[in-house]
Amino acid sequence: MPEGYNPQSKLSDSHGGYPRSGIGNANAFLTSGTPYITGSTEMAGKSNPASAGGQHVVTLPRVAREVVVWNKGSVDLRVYFADAQTGTSTFDGKHYITIEGGASFEFRCKCAKIYIQNTHATTTAAYQLYAEITGVPASEMYALTGSGITIGPGDTGYS
């Protein structure tokens with residue numbers, strides 16, 4: 001046995017001594033997940049599309065392996081992975097996907113939170129979200145940060 005091996009470590013907690021799925025376990029992301037569906041029909045508009053106001057935060061009960069967002073309204077939605085209200089460069093760096101009215105976008109990635117924003121000032125928006133969630137607890141998901149997510153022009157590490 002390797003030095004430091006402990007069969008009673010966190011990986012085997014509460015599973016009868018058998019390893020459980022975790023954030024670094026590829027098997028958790030290879031099989032089909034449990035469906036999770038949510039949405040909103042009354043997503044208020046915002047006065048300044050360059051700010052983070054009016055964002056919806058979808059917090060998943062476990063880590064997802066795939067998320068699909070359908071824009072059910074007529075105005076554009078922005079979808080991104082870091083809270084733009086915390087001073088990140090999500091918008092300056094164009095680190096979001098714009099989904100036009102009536103369209104959808106499929107994200108094949110690990111995540112436990114997804115942010116959706118109505119870019120129109122006066123028109124309400126609507127969306128539906130489907131997530132294929134794994135057995136991995138959301139508490140194990142690391143924060144999504146860095147170039148392509150939170151770093152924009154003028155930030156250290158921007159490329």
Qualifying residue in region 33-45 (condition: closer than 16 Å to T124 by Cβ, modelled with pLDDT of 95 or more and among the aromatic types (F, W, Y)): no
Residue match in region 48-56 (condition: at positive phi, at pLDDT 60 or above and in contact with a Lys or Arg (Cβ under 9 Å, 6 or more places away or on another chain)): yes
Qualifying residue in region 104-117 (condition: more than 30 Å from S21 (Cα to Cα) and modelled with pLDDT under 95): yes
Every pair of residues 6+ apart whose Cβ atoms lie under 8 Å, when the first sits in region 15-35 and is closer than 13 Å to R62 by Cβ and of a type in the set (F, W, Y) while the second is modelled with pLDDT of 85 or more and surrounded by 11 or more Cβ atoms within 10 Å (Cβ to Cβ): F29/R65; F29/K110; F29/T134
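For region 12-21, does any single residue satisfy the condition of being among the acidic types (D, E) and either closer than 18 Å to G146 by Cβ or modelled with pLDDT of 80 or more (or both)?
The answer is no, given that none of the residues of region 12-21 is among the acidic types (D, E) and either closer than 18 Å to G146 by Cβ or modelled with pLDDT of 80 or more (or both).
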Top-ranked residue in region 105-126 [being over 15 Å from the mean Cα position of the chain (by Cα) and part of a strand (DSSP E or B); ranked as farthest from G24 (Cα to Cα)]: A125
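The values are calculated or read from the model by the stated rules, or taken from the named source; none is laboratory data. Keep in mind that what you see is a predicted model, and the values were worked out from it rather than measured. As a convention, Cβ positions derive from the backbone with ideal geometry for all residues, glycine included, and neighbour counts pool all protein chains shown.
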